[in-house]
1. Consider segment 143-163. How many of its residues are over 21 Å from the mean Cα position of the chain (by Cα) and of a type in the set (Gly, Ala, Ser)?
2. Which of the residues belonging to segment 178-204 are at pLDDT 95 or above and of a type in the set (D, E, K, R)?
3. Anything in segment 159-186 that is within 30 Å of Val47 (Cα to Cα), in a loop (DSSP other than H, G, I, E, B) and open to solvent by 60 Å² or more (accessible area, probe 1.4 Å)? List them, or say none.
4. Restricted to segment 298-325, and to residues that are over 22 Å from Asp52 (Cα atoms), part of a helix (DSSP H, G or I) and not small (Gly, Ala, Ser), which residue is farthest from the chain's Cα centre (by Cα)?
5. Got at least one residue in segment 190-211 being open to solvent by less than 50 Å² (accessible area, probe 1.4 Å), touching a Pro at 6+ places or on another chain (Cβ under 7 Å), of a type in the set (A, V, I, L, M) and more than 17 Å from Gly46 (Cα to Cα)?
6. Determine which member of the set Ala252, Ala235 is open to solvent by 10 Å² or more (accessible area, probe 1.4 Å), among the small types (Gly, Ala, Ser) and closer than 24 Å to Val131 by Cα.
7. Given the conditions (1) touching a helix residue (DSSP H, G or I) at 6+ places or on another chain (Cβ under 8 Å); (2) outside any helix (DSSP H, G or I); (3) open to solvent by 10 Å² or more (accessible area, probe 1.4 Å); (4) over 23 Å from Ile225 (Cβ atoms), report the number of the one that Leu60 does not fulfil.
8. Output yes when any residue across segment 279-288 is within 24 Å of Ser22 (Cα to Cα), of a type outside the set (A, V, I, L, M) and surrounded by fewer than 16 Cβ atoms within 10 Å (Cβ to Cβ), and no when none is.
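The values are calculated or read from the model by the stated rules, or taken from the named source; none is laboratory data. This structure is a prediction, so every number in the text was calculated from the model and none was measured. Quick reminder, even Gly has a Cβ in these numbers, built from the backbone with ideal geometry, and neighbours come from all protein chains shown. Note: accessible area is taken over every heavy atom of the protein model, side chains too, but ligands, DNA and RNA are not part of it. Shrake-Rupley method; radii C 1.70, N 1.55, O 1.52, S 1.80 Å.
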Amino acid sequence: MTSEQASNGAAVSLAGASAFPSSVPSTPSPDGRRILLATPRGYCAGVDRAVDAVEKALELYGAPVYVRKEIVHNKYVVETLTRRGAIFVSETDEVPEGARVVFSAHGVSPQVHAEAAARQLQTIDATCPLVTKVHKQAVRFADSDYDILLIGHTGHEEVEGTQGEAPDDIQVVNGPEDVDQVEVRDPSKVVWLSQTTLSVDETMKTVELLRARFPQMIDPPSDDICYATQNRQGAVKAMAPECDLVIVVGSANSSNSVRLVEVALEYGAAAAYRVDTAAEVQPEWLEGVTTVGLTSGASVPEILVREVVESLRELGYPEVELVTTTNEDVHFSLPKNLRADLKATGAQPDRPHRVRQAQRRG
């Protein structure tokens with residue numbers, strides 16, 4: 001069954017790689033053409049939790065279930081959930097009073113929670129726990145009267161949600177180009193936080209420039225960059241030098257997917273492209289290509305990656321070799337109120353997950 005067929009019904013779960021067989025069919029290639037398949041790839045634990053929350057809510061409560069913003073930044077996921085009865089809205093006031101609404105993995109500000117309460121909405125908060133951690137850090141530092149420099153992309157939902165926790169104390173730093181414009185009240189009371197899905201390399205470059213201006217700036221108590229962002233970039237860095245071409249599956253509004261293309265080029269891939277689905281892979285990209293690297297952003301269901309593998313197989317790349325740089329076993333439980341309602345009906349609250357066996361290229 002293809003992703004197009006799957007999106008017309010609920011037969012195929014929008015699961016990540018951890019719910020799929022770890023093996024990918026591979027046949028020796030007589031001419032050496034091969035696919036290097038990055039592991040880890042695809043869903044992070046926060047995305048898996050958020051998508052699963054919408055699926056379980058639809059199964060338990062029935063359609064419609066409203067979702068504020070895109071539950072995750074992936075076109076296929078949003079379109080599939082829409083077909084199943086999810087209604088995506090931009091703001092809370094678009095949800096009928098008393099209706100059920102899911103907050104996306106990117107998180108929301110206290111103002112949005114207040115608006116939902118005022119409209120008596122039944123909320124399911126699918127905010128990634130790692131984002132929630134950043135929110136709590138922002139509140140704590142604001143209460144201690146720090147200037148908070150939030151490294152992230154202005155307008156991104158996660159940044160808007162975090163900034164909303166302490167709007168008078170947080171200023172967004174989009175990157176190195178913004179550093180000279182930053183002004184603080186007391187250089188001895190400055191802290192930096194970051195959007196979780198940013199590039200590790202770019203973030204640390206910005207931090208270094210900020211520290212040159214504010215030597216007493218302190219670091220957050222723990223690394224804010226999502227483990228999944230680091231791990232997916234690490235896998236691409238490992239395989240890029242061997243690749244004539246890297247294909248990243250992910251949507252244009254997924255910052256971590258877009259960044260994976262940049263990382264592939266920076267670390268030695270001769271070419272790199274982002275696609276939403278296998279249908280976007282262009283045969284001319286493969287001219288003269290022996291080794292194709294394949295990965296996916298943290299919002300991408302595994303079915304889309306498997307379809308690219310099949311497409312490449314048909315184009316003459318039958319051999320698949322896993323490039324595994326680390327193993328992930330992180331899993332987040334569903335939001336408490338949804339989990340409780342599922343348990344009350346005897347339903348399974350979480351989709352099955354498989355712990356990968358360690359595999360490491362020599």
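1. 1
2. Selection gives Asp178, Asp180, Glu183, Arg185, Asp186, Lys189.
3. Pro167, Asp168
4. Glu314
5. Looking through segment 190-211, at least one residue is open to solvent by less than 50 Å² (accessible area, probe 1.4 Å), touching a Pro at 6+ places or on another chain (Cβ under 7 Å), of a type in the set (A, V, I, L, M) and more than 17 Å from Gly46 (Cα to Cα).
6. Ala252
7. (2)
8. no
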